[in-house]
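Student: One structure, pasted below without further comment.
Every number here is computed from the coordinates shown, using simple stated rules; none is lab data. Nothing here was measured: the structure is a model prediction, and the numbers come from that model. Note that we place each Cβ from the backbone using ideal geometry, even for glycine, and neighbour counts take in every protein chain shown.
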Amino acid sequence: MSEPHRFAPLRLRASGLACRRGGRLIFEDLSFALAGGEALALTGRNGAGKSSLIAMLCGRLRPAAGEVALDGADDAPLAELSHLVGHRDGLKTALTAQDNLGFAQDCLGDPGLTPLAALERVGLPHVAALPVGYLSAGQRRRVALARLLVARRPFWLLDEPMSALDLAAQAMLSGLMQEHCRMGGAILAATHGPLGLAEARELRIGA
């Protein structure tokens, strides 16, 4: 299997970000940069604002202060250049695993692997024709992660990506993330545990 083409050089810059939820200040004056080929492990206690920061980056939440800029993107918004895998799997339980991935590929554009090939990469080719509602929590998580592979997007925004995964599946995901960075992609992952990426930097938020 030939390797995909490398992503064009991109750099994300966040400056002076602040977040308020329900009138309460969650964090403030948060600045960082993330370039292609890099991974950033977002850490902090529960409620520190990790998920809120990811929501800001993908356009679901407006910062209370500060700004997010993207260098080298020809005015394309970050949301159009990102994959988001959050706490919820975002799968249609009545559709098969293969159909869920086919739907995602059709919506996202810039096709990567075929749905079946993506399921093979996450170790689930045998569930391709099964409705997602019949799968275990770990299997559903792997199907959700397979969406990262069916469309090419340079930024992966991952919220607790190792959740519900056994040790073998965690190692598989670490390998996929390493491959993404080698191809010039960038990863920001909120996590309470190791990502299996030796070169990942840490961004800790909250007291």
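Student: How big is the antiparallel share of DSSP beta bridges in the chain, given as a percent to the nearest 5? Write down the numbers at each step before the final one.
Tutor: Working: 16 of 33 bridges.
DSSP beta bridges in the chain are roughly 50 percent antiparallel.
Student: To the nearest 20 Debye, how big is the dipole of segment 11-191 about its Cα centre, given +1 on the beta carbon of each Lys and Arg and -1 on that of each Asp and Glu?
Tutor: Using only the charged Cβ atoms, the result is roughly 520 debye.
Student: Could you tell me which of 26, 36, 107 has its Cα farthest along the dipole of segment 1-148 towards the positive end, charges placed at Cβ (Lys, Arg +1; Asp, Glu -1), taken about the Cα centre?
Tutor: 26
Student: Follow-up. For a quick protection proxy, order the peptides 51-58, 159-166 by their average other-Cβ count within 10 Å, most packed first.
Tutor: 51-58, 159-166
Student: Here is a further query. When only DSSP loop residues count, what GluC sites (Glu not before Pro) in segment 159-207 have their Cβ near at most 16 other Cβ atoms within 10 Å?
Tutor: Working: sites: 179, 199, 202; in loops: 199.
Here the GluC sites (Glu not before Pro) that fit, given the DSSP loop and packing criteria, are 199.
Student: Roughly how far apart, in whole Å, are the Cα centres of segment 150-164 and segment 68-139?
Tutor: Each part reduced to its Cα centre gives a spacing of 9 Å.
Student: Looking only at Cα atoms, what is the convex hull volume of the chain per residue, in Å³?
Tutor: 121
Student: Also, I was wondering about something else. Under a 5 Å amide H to amide H cut-off, with H placed in plane at 1.01 Å, what residues pair with residue 39 once short-range neighbours are removed?
Tutor: 187, 201
Student: Helix 137-150 versus the longest principal axis of the chain: what angle, 0 to 90°, nearest 10, using Cα atoms?
Tutor: 80
Student: Of the chain, which part is the longest with no trypsin sites (Lys or Arg not before Pro) in a loop (DSSP not H, G, I, E, B) and with at most 16 other C-beta atoms within 10 angstrom?
Tutor: Longest site-free region, per DSSP loop and neighbour criteria: 93-207.
Student: When only C-alpha pairs under 8 Å and at least 6 residues apart count, what is the relative contact order of the chain, in percent?
Tutor: Answer for the chain is 31 percent.
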